[in-house]
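S.K.: So that we are looking at the same thing, I have put the structure below in structure tokens.
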Amino acid sequence: MDAALKPPGLLGGKFIFKKLPDGNLDKNAGPSTVVAHTKRRQATLFECNRGKPVSTALSARLTNLLTQWIATSCRPISVVEDGGLELVLQTATGDPSYKLPARRTIIRRIHDQYTAEKAAKDEKMVEANCVALTGDHWTSVNNDNYLGVTVHLIDASWELHSFALGVMKTEERHHAEACARQFLDIANQWGIADKISTIGTDSAPNMLAAGRILPFEHLPCVAHVVQRTILMSLREGGFDGTLAKCRKVVGHFKHSPANSNELNVQQASLGQAEEPLVQDVPTRWNSTLEMIKRVRRNRNALHTMLSQQKHNLALPTNAEYEKLAKLEELLEPCRYITELLGGDKYVSCSVVLPALCHLQHAMKISDDDPAYIVRFKAAFTKDLNQRKEKINLEWLKVATALDPRFKDLKCLPRADREPVWALLRELVKGEKPALQPSGEENPEPPKKKTALLLMGSSDSESDEETPEDNTVERYKVEPSASLDQCPLKWWSEHTAVYGKMAHIARKYLGTPATTVPCERLFSLAGHIVQKRRSSLSPENVNKLVCLSDWWKKEK
């Protein structure tokens, strides 16, 4: 083809103009054609959608996602007034006219989504035969007090569920009667008052007294029990002086960014990972252990740096570092136990007695122990045994027996094992339908303690004797499950075999061992109720905390 007949463009590095019929060159078409030919590119999404408004469906979806983001990420509702966020969404959607929803729209959507999510939670609790609660009080940055409550249940498919019921603002003082009434109010709001088997709280006197008032079993938080035993044993073991030195060293760096930066430089020069020191707090579990670990790991960096600064700060001596090393060995099993018992996604109640047995074994005194370790171990064992008697051992023993991993009850003395099986036999009998005496208009309400709730072993006027149920005996001789096997999976495979006993297992194994679920709830509430959000109403606080908890656990 003749070059003159080709479309205008580059040929051999030169621009070729189109020749007109009269023989002249069409130079007017050249420059625009060059631009169109050499700068051709794919249009952006924003350019394609420029001017196209966001559809009603997409706008509604964006509003829902914004609501979910505000709740799960603990963002202030006023974020929808942020012009920068609006610009981002305008660019992303290609609609420069898009406007963020108003605050009242987000609040209304929070209420709508709370209602929808609560309906789904209601269905789970309608299907459940029994549920367990944990509860505790929390004070916000505004000095407002809230009662947090979580619920725990095992559904028909043997799946464990744990979620928030509410964070309710309270005005009255926390005397026992008020605490008990507040728990019942939340239970009645959810329609589960007749399904509650246990409630777990800390061991504060008002909570213990409230537990005695409430018409269901009370389980003190085992993690709180272990922490109090640790604090008492540290004093008895004579570690106060050494730990005080550690706290002063940590404070020297925590309160000075310059010192902290110098420590990081020293850590890097020694080939260590840069890490801050940790200050222990009596109410923060395992913080003393973490403080000891950080100080010991950074011993050389600390001594080198502090010797260069030439100050009067007293450092631990070699003998004190040796004491810290031994103390770390003693506190490590305690950390393991508190973390093990603090989970809410797996069975924990049945693990309490084996875990405490493990702790007591770790605290056995040996001939090689120095005097301060002997004092610590002796104080720990004595204090833990005293506290253990007040943590509803009867309930914990039955839960342990119903866990196929620990049903050999080796965590109990031999003399204590048979009474547990006897109690379990009575519980199985108690699962039979009870006949109400005729003509009795106001029957006596059931007693609180499990032993008094049992039915079926009294004299019967029937001429036929009820055959002895050997379910417990068959379960006892069943091979124990391995420690890494899920007890709920085991029971899901044996429900048809053990019938009523499986129903009891669902009740006992669904009980949490600690109030850690409530602690996590308060950590979440602390991110929501901030100084920037001090005007949040109690209703919105409750709904935001619940939505955030529910959505995060669904991920």
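Any read-out appearing in this document is the output of simple, stated calculations on the displayed coordinates, not a laboratory observation. All figures in this text were calculated on a predicted structure; none of them were measured in a lab. Don't worry about glycine lacking a Cβ; one is built from the backbone with ideal geometry, like all the others, and counts go over all protein chains shown.
S.K.: Can you flag which of 124/476; 407/553; 118/553; 382/507; 345/489 are past 20 Å Cα-Cα?
M.R.: Over 20 Å apart, Cα to Cα: 124/476; 407/553; 382/507.
S.K.: On to the next question. If N is the number of residues in region 333-394, what value comes out of its Cα radius of gyration divided by 2.2 N^0.38 Å?
M.R.: My calculation over the Cα atoms of region 333-394 gives 1.25.
S.K.: Counting residues in region 225-388 as N, plug N into 2.2 N^0.38 Å and put the Cα Rg over that result.
M.R.: Against the empirical 2.2 N^0.38 Å value, I get 1.15 for region 225-388.
S.K.: Between residue 82 and residue 139, take the C-beta separation as r, use R0 = 22 Å, and let me know the FRET efficiency to the nearest 0.05.
M.R.: Once the sixth-power term is evaluated, E becomes 0.15.
S.K.: Based on the inverse mean of 1/r over its pairs of different Cα atoms, what is the Kirkwood hydrodynamic radius of region 54-157, in Å?
M.R.: Taking every pair of different Cα atoms in region 54-157, averaging 1/r and inverting gives 16.7 Å.
S.K.: Between residue 52 and residue 177, what length comes free when the chain is fully extended (0.36 nm per residue of separation minus the Cα-Cα distance, one decimal in nm)?
M.R.: 38.8 nm
S.K.: Note down the Stokes-Einstein diffusion coefficient of region 159-275 in µm²/s, whole number, using a Kirkwood radius over alpha carbon pairs, 20 °C, and 1.002 mPa s.
M.R.: 114 µm²/s
S.K.: Report the percentage of all Cα-Cα pairs in region 315-356 whose separation exceeds 13 Å, rounded to a whole percent.
M.R.: Roughly 61 percent, rounded to a whole number.
S.K.: What shape does region 47-101 take by its C-alpha gyration tensor, where a ≥ b ≥ c are the square roots of the eigenvalues and a/c under 1.5 counts as rounded, a/b above b/c as prolate, and the rest as oblate?
M.R.: Prolate shape, in that a/c is at least 1.5 and a/b is the bigger ratio.
S.K.: Moving on. If I take the Cα coordinates of region 470-555 and project them onto the principal axes, what are the three extents in Å, biggest first?
M.R.: Sorted largest first, the three principal extents are 61, 24, 23 Å.
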